[in-house]
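Below is one structure, written out as C-alpha coordinates; comments come after it.
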Amino acid sequence: MASNKPRIKELEIVRAFAIMAVLMIHSTSEATVDIPLGSRSQVIYLVINKLSNFAVPVFVILSAIVLFYRYYDSWNVREALAFYRKRIQYIVVPYLLWSFFYYVYNQWLPTKDWSGVTIDWLQFADKLRWAETGYHLYFIILILQFYLLFPLLMTAVKYWRWFRKYWVVIAFLFQTAFYIYHYWVHSFEHPATLFGTYIGLFAAGGAIGMNYERFRNASKHIWWVLGSGILSGYTFALLFVLRQNDIDFGPPAMEFFFNVYAMTMAVSLLWIGVRLLEDLPGLSTLLMSMGAASFGIYFVHPALLSFWRYQFVFPGDSAAYQWSTLGAAVMTFTVPWLLVVLLKKWKISWIWFGK
(Lines give C-alpha, C1' and ligand atoms only; values in the text may rest on other atoms or scores of the structure.)
Protein backbone atom coordinates (compact mmCIF):
# COMPACT_ATOMS: atom_id res chain seq x y z
CA MET A 1 0.00 0.00 0.00
CA ALA A 2 1.10 3.56 -0.69
CA SER A 3 0.80 4.48 2.98
CA ASN A 4 3.69 2.11 3.88
CA LYS A 5 6.25 4.23 2.04
CA PRO A 6 8.62 6.12 4.35
CA ARG A 7 7.71 9.69 5.17
CA ILE A 8 9.73 12.43 3.46
CA LYS A 9 10.60 14.52 6.50
CA GLU A 10 12.22 17.36 4.57
CA LEU A 11 8.86 18.19 2.97
CA GLU A 12 7.71 19.69 6.27
CA ILE A 13 10.81 21.89 6.34
CA VAL A 14 10.09 23.13 2.82
CA ARG A 15 6.46 23.78 3.81
CA ALA A 16 7.77 25.94 6.64
CA PHE A 17 9.86 28.04 4.25
CA ALA A 18 6.92 28.27 1.83
CA ILE A 19 4.41 29.39 4.46
CA MET A 20 6.95 31.95 5.72
CA ALA A 21 7.09 33.28 2.17
CA VAL A 22 3.27 33.49 2.12
CA LEU A 23 3.33 35.43 5.39
CA MET A 24 6.01 37.74 4.02
CA ILE A 25 3.99 38.43 0.86
CA HIS A 26 0.90 39.37 2.84
CA SER A 27 2.81 41.32 5.52
CA THR A 28 4.52 43.52 2.93
CA SER A 29 1.78 43.81 0.31
CA GLU A 30 0.26 47.09 1.50
CA ALA A 31 3.68 48.67 2.13
CA THR A 32 4.52 48.29 -1.56
CA VAL A 33 1.72 50.73 -2.42
CA ASP A 34 1.17 52.83 0.73
CA ILE A 35 4.75 54.10 0.96
CA PRO A 36 5.72 56.80 -1.59
CA LEU A 37 6.56 55.13 -4.90
CA GLY A 38 10.26 54.86 -5.64
CA SER A 39 11.42 55.63 -2.11
CA ARG A 40 14.09 53.42 -0.61
CA SER A 41 11.65 51.78 1.79
CA GLN A 42 9.09 51.11 -0.92
CA VAL A 43 11.67 49.45 -3.17
CA ILE A 44 12.92 47.29 -0.30
CA TYR A 45 9.39 46.14 0.51
CA LEU A 46 8.72 45.47 -3.17
CA VAL A 47 11.87 43.36 -3.54
CA ILE A 48 11.10 41.38 -0.38
CA ASN A 49 7.53 40.85 -1.58
CA LYS A 50 8.57 39.59 -5.00
CA LEU A 51 11.38 37.42 -3.65
CA SER A 52 8.69 35.67 -1.59
CA ASN A 53 6.62 34.88 -4.68
CA PHE A 54 8.00 31.35 -4.88
CA ALA A 55 5.48 30.38 -2.16
CA VAL A 56 2.45 29.27 -4.20
CA PRO A 57 4.33 27.38 -6.94
CA VAL A 58 6.46 25.63 -4.29
CA PHE A 59 3.29 24.47 -2.53
CA VAL A 60 2.00 23.21 -5.89
CA ILE A 61 5.25 21.34 -6.51
CA LEU A 62 5.20 19.85 -3.00
CA SER A 63 1.63 18.65 -3.51
CA ALA A 64 2.66 16.88 -6.71
CA ILE A 65 5.70 15.30 -5.05
CA VAL A 66 3.55 13.91 -2.23
CA LEU A 67 0.83 12.60 -4.53
CA PHE A 68 3.08 10.85 -7.03
CA TYR A 69 5.46 9.57 -4.36
CA ARG A 70 2.65 8.00 -2.35
CA TYR A 71 0.44 6.62 -5.10
CA TYR A 72 2.62 5.74 -8.08
CA ASP A 73 3.55 2.21 -7.01
CA SER A 74 0.05 1.12 -5.95
CA TRP A 75 -2.38 3.13 -8.04
CA ASN A 76 -5.77 1.47 -8.65
CA VAL A 77 -9.50 2.24 -8.44
CA ARG A 78 -9.57 1.63 -4.69
CA GLU A 79 -6.75 4.11 -4.17
CA ALA A 80 -8.56 6.64 -6.35
CA LEU A 81 -11.71 6.42 -4.23
CA ALA A 82 -9.73 6.77 -1.01
CA PHE A 83 -7.88 9.72 -2.52
CA TYR A 84 -11.09 11.64 -3.23
CA ARG A 85 -12.59 10.83 0.17
CA LYS A 86 -9.56 12.26 1.97
CA ARG A 87 -9.51 15.40 -0.18
CA ILE A 88 -13.18 16.10 0.46
CA GLN A 89 -12.74 15.52 4.19
CA TYR A 90 -9.48 17.39 4.75
CA ILE A 91 -9.57 20.10 2.06
CA VAL A 92 -13.15 20.87 1.05
CA VAL A 93 -14.64 20.88 4.55
CA PRO A 94 -12.08 23.36 5.98
CA TYR A 95 -12.42 25.48 2.83
CA LEU A 96 -16.19 25.76 3.26
CA LEU A 97 -15.91 26.63 6.95
CA TRP A 98 -13.19 29.23 6.48
CA SER A 99 -14.97 30.71 3.47
CA PHE A 100 -18.04 31.30 5.60
CA PHE A 101 -15.91 32.67 8.44
CA TYR A 102 -14.27 35.27 6.15
CA TYR A 103 -17.60 36.04 4.47
CA VAL A 104 -18.90 37.16 7.87
CA TYR A 105 -15.61 38.46 9.33
CA ASN A 106 -14.79 40.80 6.44
CA GLN A 107 -18.21 42.42 6.76
CA TRP A 108 -17.83 42.88 10.52
CA LEU A 109 -14.20 44.04 10.63
CA PRO A 110 -14.40 47.61 9.20
CA THR A 111 -16.97 48.81 11.73
CA LYS A 112 -16.94 46.05 14.42
CA ASP A 113 -20.74 46.27 14.18
CA TRP A 114 -22.70 43.04 13.85
CA SER A 115 -25.75 44.90 12.60
CA GLY A 116 -23.92 45.49 9.33
CA VAL A 117 -23.42 41.78 8.71
CA THR A 118 -25.82 40.16 6.27
CA ILE A 119 -25.86 36.57 5.11
CA ASP A 120 -27.03 35.99 1.56
CA TRP A 121 -26.62 32.28 0.94
CA LEU A 122 -26.89 32.61 -2.82
CA GLN A 123 -24.21 35.30 -2.82
CA PHE A 124 -22.03 33.18 -0.54
CA ALA A 125 -22.43 30.15 -2.79
CA ASP A 126 -21.49 32.23 -5.82
CA LYS A 127 -18.36 33.48 -4.08
CA LEU A 128 -17.26 29.93 -3.31
CA ARG A 129 -16.61 29.25 -6.99
CA TRP A 130 -13.59 31.57 -7.13
CA ALA A 131 -12.89 31.77 -3.39
CA GLU A 132 -13.93 35.42 -3.22
CA THR A 133 -14.65 35.60 0.50
CA GLY A 134 -10.92 35.82 1.37
CA TYR A 135 -8.00 37.07 -0.70
CA HIS A 136 -5.89 34.03 0.18
CA LEU A 137 -8.45 31.28 -0.41
CA TYR A 138 -7.92 31.10 -4.18
CA PHE A 139 -5.16 28.56 -3.55
CA ILE A 140 -7.75 25.99 -2.48
CA ILE A 141 -9.60 26.33 -5.79
CA LEU A 142 -6.28 26.00 -7.59
CA ILE A 143 -5.18 22.89 -5.71
CA LEU A 144 -8.62 21.27 -6.03
CA GLN A 145 -8.24 21.46 -9.81
CA PHE A 146 -4.99 19.50 -9.54
CA TYR A 147 -6.69 16.98 -7.28
CA LEU A 148 -9.39 16.51 -9.91
CA LEU A 149 -6.76 16.06 -12.62
CA PHE A 150 -4.46 13.86 -10.57
CA PRO A 151 -6.22 10.49 -11.06
CA LEU A 152 -6.24 11.04 -14.82
CA LEU A 153 -2.58 12.08 -14.88
CA MET A 154 -1.55 9.24 -12.59
CA THR A 155 -3.37 6.67 -14.70
CA ALA A 156 -1.77 8.02 -17.89
CA VAL A 157 1.70 8.12 -16.34
CA LYS A 158 1.28 4.66 -14.86
CA TYR A 159 0.06 2.85 -17.98
CA TRP A 160 1.31 4.86 -20.98
CA ARG A 161 5.06 4.66 -21.24
CA TRP A 162 5.31 7.38 -23.88
CA PHE A 163 3.30 9.78 -21.71
CA ARG A 164 5.44 9.02 -18.67
CA LYS A 165 8.54 9.83 -20.72
CA TYR A 166 7.35 13.16 -22.13
CA TRP A 167 4.62 14.39 -19.79
CA VAL A 168 6.72 17.11 -18.12
CA VAL A 169 7.51 18.55 -21.55
CA ILE A 170 3.86 18.24 -22.57
CA ALA A 171 2.77 20.01 -19.37
CA PHE A 172 5.16 22.93 -19.86
CA LEU A 173 4.03 23.26 -23.48
CA PHE A 174 0.44 23.39 -22.25
CA GLN A 175 1.41 26.01 -19.65
CA THR A 176 3.14 28.07 -22.36
CA ALA A 177 0.06 27.84 -24.58
CA PHE A 178 -2.06 28.90 -21.61
CA TYR A 179 0.11 32.00 -21.12
CA ILE A 180 0.04 32.88 -24.84
CA TYR A 181 -3.74 32.60 -24.95
CA HIS A 182 -4.14 34.63 -21.76
CA TYR A 183 -1.81 37.48 -22.73
CA TRP A 184 -2.38 37.77 -26.47
CA VAL A 185 -5.71 36.14 -27.38
CA HIS A 186 -8.25 36.46 -24.57
CA SER A 187 -7.40 37.10 -20.94
CA PHE A 188 -8.77 34.77 -18.28
CA GLU A 189 -10.73 36.38 -15.46
CA HIS A 190 -8.92 34.47 -12.71
CA PRO A 191 -5.60 33.28 -14.17
CA ALA A 192 -3.85 32.75 -10.82
CA THR A 193 -6.64 30.38 -9.81
CA LEU A 194 -6.46 28.19 -12.92
CA PHE A 195 -4.37 25.03 -13.14
CA GLY A 196 -2.88 26.07 -16.48
CA THR A 197 -0.74 28.66 -14.69
CA TYR A 198 1.18 25.95 -12.83
CA ILE A 199 0.63 22.68 -14.70
CA GLY A 200 4.27 22.44 -15.85
CA LEU A 201 5.55 22.92 -12.30
CA PHE A 202 3.04 20.35 -11.04
CA ALA A 203 4.30 17.83 -13.59
CA ALA A 204 7.91 18.54 -12.62
CA GLY A 205 6.99 17.92 -8.99
CA GLY A 206 5.30 14.68 -9.98
CA ALA A 207 8.42 13.52 -11.81
CA ILE A 208 10.48 14.24 -8.68
CA GLY A 209 7.97 12.32 -6.54
CA MET A 210 8.15 9.22 -8.73
CA ASN A 211 11.94 9.24 -8.56
CA TYR A 212 12.46 10.74 -5.13
CA GLU A 213 15.36 8.63 -3.89
CA ARG A 214 17.38 9.37 -6.99
CA PHE A 215 16.50 13.05 -6.67
CA ARG A 216 17.48 13.09 -2.99
CA ASN A 217 20.86 11.59 -3.78
CA ALA A 218 21.59 14.34 -6.33
CA SER A 219 21.90 17.01 -3.63
CA LYS A 220 25.54 17.62 -4.60
CA HIS A 221 24.14 19.94 -7.28
CA ILE A 222 22.61 22.25 -4.67
CA TRP A 223 25.16 25.04 -5.10
CA TRP A 224 24.60 25.80 -8.76
CA VAL A 225 20.82 25.19 -8.49
CA LEU A 226 20.53 27.50 -5.47
CA GLY A 227 22.74 30.05 -7.22
CA SER A 228 20.45 29.92 -10.25
CA GLY A 229 17.47 30.38 -7.96
CA ILE A 230 18.94 33.44 -6.26
CA LEU A 231 19.91 34.97 -9.61
CA SER A 232 16.52 34.33 -11.23
CA GLY A 233 14.70 35.53 -8.10
CA TYR A 234 16.51 38.85 -7.98
CA THR A 235 16.03 39.25 -11.72
CA PHE A 236 12.31 38.64 -11.24
CA ALA A 237 12.17 41.25 -8.46
CA LEU A 238 14.23 43.70 -10.51
CA LEU A 239 11.73 43.47 -13.37
CA PHE A 240 9.03 44.80 -11.02
CA VAL A 241 11.26 47.60 -9.79
CA LEU A 242 12.01 48.59 -13.37
CA ARG A 243 8.36 48.36 -14.38
CA GLN A 244 7.28 50.90 -11.78
CA ASN A 245 9.91 53.17 -13.36
CA ASP A 246 8.31 52.74 -16.81
CA ILE A 247 10.82 50.14 -18.04
CA ASP A 248 8.72 47.10 -18.89
CA PHE A 249 10.14 43.91 -20.40
CA GLY A 250 6.68 42.44 -20.82
CA PRO A 251 4.92 39.26 -19.61
CA PRO A 252 7.27 36.68 -21.23
CA ALA A 253 10.25 37.82 -19.16
CA MET A 254 8.15 37.92 -15.98
CA GLU A 255 6.76 34.43 -16.53
CA PHE A 256 10.10 32.92 -17.52
CA PHE A 257 11.99 34.14 -14.47
CA PHE A 258 9.02 33.40 -12.19
CA ASN A 259 8.95 29.75 -13.24
CA VAL A 260 12.72 29.32 -13.14
CA TYR A 261 12.81 30.92 -9.70
CA ALA A 262 9.97 28.74 -8.39
CA MET A 263 11.45 25.49 -9.71
CA THR A 264 15.00 26.13 -8.56
CA MET A 265 13.82 27.26 -5.11
CA ALA A 266 11.69 24.14 -4.69
CA VAL A 267 14.62 21.89 -5.58
CA SER A 268 17.08 23.87 -3.47
CA LEU A 269 14.82 23.95 -0.41
CA LEU A 270 14.28 20.19 -0.60
CA TRP A 271 18.03 19.61 -0.60
CA ILE A 272 18.52 22.23 2.13
CA GLY A 273 15.90 20.35 4.15
CA VAL A 274 17.94 17.15 3.81
CA ARG A 275 21.08 18.94 5.02
CA LEU A 276 19.25 20.54 7.95
CA LEU A 277 17.89 17.18 9.10
CA GLU A 278 21.41 15.78 9.10
CA ASP A 279 23.32 18.74 10.56
CA LEU A 280 20.85 20.86 12.60
CA PRO A 281 18.22 18.59 14.19
CA GLY A 282 17.07 21.28 16.65
CA LEU A 283 16.31 23.82 13.93
CA SER A 284 14.80 21.05 11.80
CA THR A 285 12.37 20.14 14.58
CA LEU A 286 11.27 23.77 14.89
CA LEU A 287 10.78 24.14 11.14
CA MET A 288 8.92 20.83 10.92
CA SER A 289 6.53 22.09 13.59
CA MET A 290 5.80 25.16 11.49
CA GLY A 291 5.51 23.05 8.34
CA ALA A 292 3.04 20.71 9.99
CA ALA A 293 0.95 23.72 11.03
CA SER A 294 1.25 25.48 7.64
CA PHE A 295 -2.26 24.68 6.39
CA GLY A 296 -3.79 26.08 9.55
CA ILE A 297 -1.48 29.12 9.50
CA TYR A 298 -2.59 29.73 5.92
CA PHE A 299 -6.24 29.84 6.98
CA VAL A 300 -5.80 31.84 10.20
CA HIS A 301 -3.25 34.56 9.49
CA PRO A 302 -5.28 36.90 7.21
CA ALA A 303 -7.87 37.42 9.96
CA LEU A 304 -5.22 38.52 12.45
CA LEU A 305 -3.29 40.58 9.91
CA SER A 306 -6.41 42.42 8.75
CA PHE A 307 -7.45 43.10 12.35
CA TRP A 308 -3.99 44.57 13.05
CA ARG A 309 -4.19 46.83 10.02
CA TYR A 310 -7.59 48.20 11.04
CA GLN A 311 -6.32 48.86 14.55
CA PHE A 312 -3.08 50.59 13.59
CA VAL A 313 -3.49 53.12 10.79
CA PHE A 314 -0.62 55.50 10.01
CA PRO A 315 0.49 57.59 7.01
CA GLY A 316 2.66 55.60 4.62
CA ASP A 317 5.56 58.04 4.87
CA SER A 318 5.74 57.94 8.68
CA ALA A 319 8.07 56.02 10.98
CA ALA A 320 5.02 54.70 12.81
CA TYR A 321 3.91 52.97 9.60
CA GLN A 322 7.27 51.19 9.36
CA TRP A 323 7.07 49.99 12.97
CA SER A 324 3.47 48.92 12.52
CA THR A 325 4.40 46.90 9.41
CA LEU A 326 7.26 45.24 11.27
CA GLY A 327 5.00 44.50 14.24
CA ALA A 328 2.37 43.02 11.94
CA ALA A 329 4.99 40.75 10.37
CA VAL A 330 6.24 39.53 13.76
CA MET A 331 2.68 38.90 14.92
CA THR A 332 1.82 37.08 11.69
CA PHE A 333 4.86 34.83 11.96
CA THR A 334 4.18 33.80 15.56
CA VAL A 335 0.56 34.06 16.75
CA PRO A 336 -1.13 31.96 14.01
CA TRP A 337 1.53 29.27 14.42
CA LEU A 338 0.98 29.12 18.18
CA LEU A 339 -2.81 29.08 17.81
CA VAL A 340 -2.75 26.23 15.30
CA VAL A 341 -0.31 24.14 17.36
CA LEU A 342 -2.54 24.52 20.42
CA LEU A 343 -5.84 23.94 18.63
CA LYS A 344 -4.58 20.91 16.72
CA LYS A 345 -4.42 19.04 20.00
CA TRP A 346 -8.20 18.59 19.66
CA LYS A 347 -9.23 15.56 17.63
CA ILE A 348 -11.91 17.53 15.82
CA SER A 349 -9.42 20.20 14.66
CA TRP A 350 -9.27 18.57 11.21
CA ILE A 351 -12.51 20.33 10.27
CA TRP A 352 -10.65 23.64 10.54
CA PHE A 353 -7.07 22.77 9.68
CA GLY A 354 -7.28 19.61 7.58
CA LYS A 355 -4.74 16.84 8.03
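The values are calculated or read from the model by the stated rules, or taken from the named source; none is laboratory data. All values reported here derive from a predicted model rather than from experimental measurement. Every residue, glycine among them, receives a Cβ derived from its backbone with ideal geometry; neighbour counts consider all protein chains shown. Heads up: the accessible areas ignore ligands, DNA and RNA and are worked out on the full protein's heavy atoms, side chains in. Shrake-Rupley method; radii C 1.70, N 1.55, O 1.52, S 1.80 Å.
Data for the structure
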read-out	value
Every residue from the range 38-61 that is of a type outside the set (Gly, Ala, Ser), under 16 Å from residue 325 (Cβ atoms) and open to solvent by 30 Å² or more (accessible area, probe 1.4 Å)	40, 43, 44, 45, 47, 48
Within the range 290-355, helices (runs of 4 or more DSSP H) holding 3 or more residues that are surrounded by 17 or more Cβ atoms within 10 Å (Cβ to Cβ) and within 20 Å of the chain's Cα centre (by Cα)	294-311, 319-343
Selection count, the range 1-23, where residues are open to solvent by 60 Å² or more (accessible area, probe 1.4 Å) and in contact (Cβ under 8 Å) with a residue 60 or more places away in the chain	4
1 or more residues under 28 Å from residue 251 (Cα atoms), open to solvent by 50 Å² or more (accessible area, probe 1.4 Å) and free of Cβ contacts under 8 Å to residues at least 40 places away in the same chain: qualifying helices (runs of 4 or more DSSP H) within the range 158-226	161-184
Of all residues in the range 73-128 being open to solvent by 60 Å² or more (accessible area, probe 1.4 Å) and not in a helix (DSSP H, G or I), the one that is nearest to residue 210 (Cα to Cα)	76
Residue list for the range 246-281, restricted to those being among the aliphatic types (A, V, I, L, M) and not in a helix (DSSP H, G or I)	247, 280
Close pairs (7 angstrom Cβ cut-off, 6 or more residues apart or separate chains): in contact (Cβ under 8 Å) with a residue 24 or more places away in the chain and within 17 Å of residue 203 (Cα to Cα) in the range 259-278, charged (D, E, K, R) and buried (at least 22 other Cβ atoms within 10 Å of the Cβ) anywhere	270/10
Filter result for the condition that a residue is closer than 29 Å to residue 159 by Cα and modelled with pLDDT of 95 or more, over 31, 64, 21, 82	64
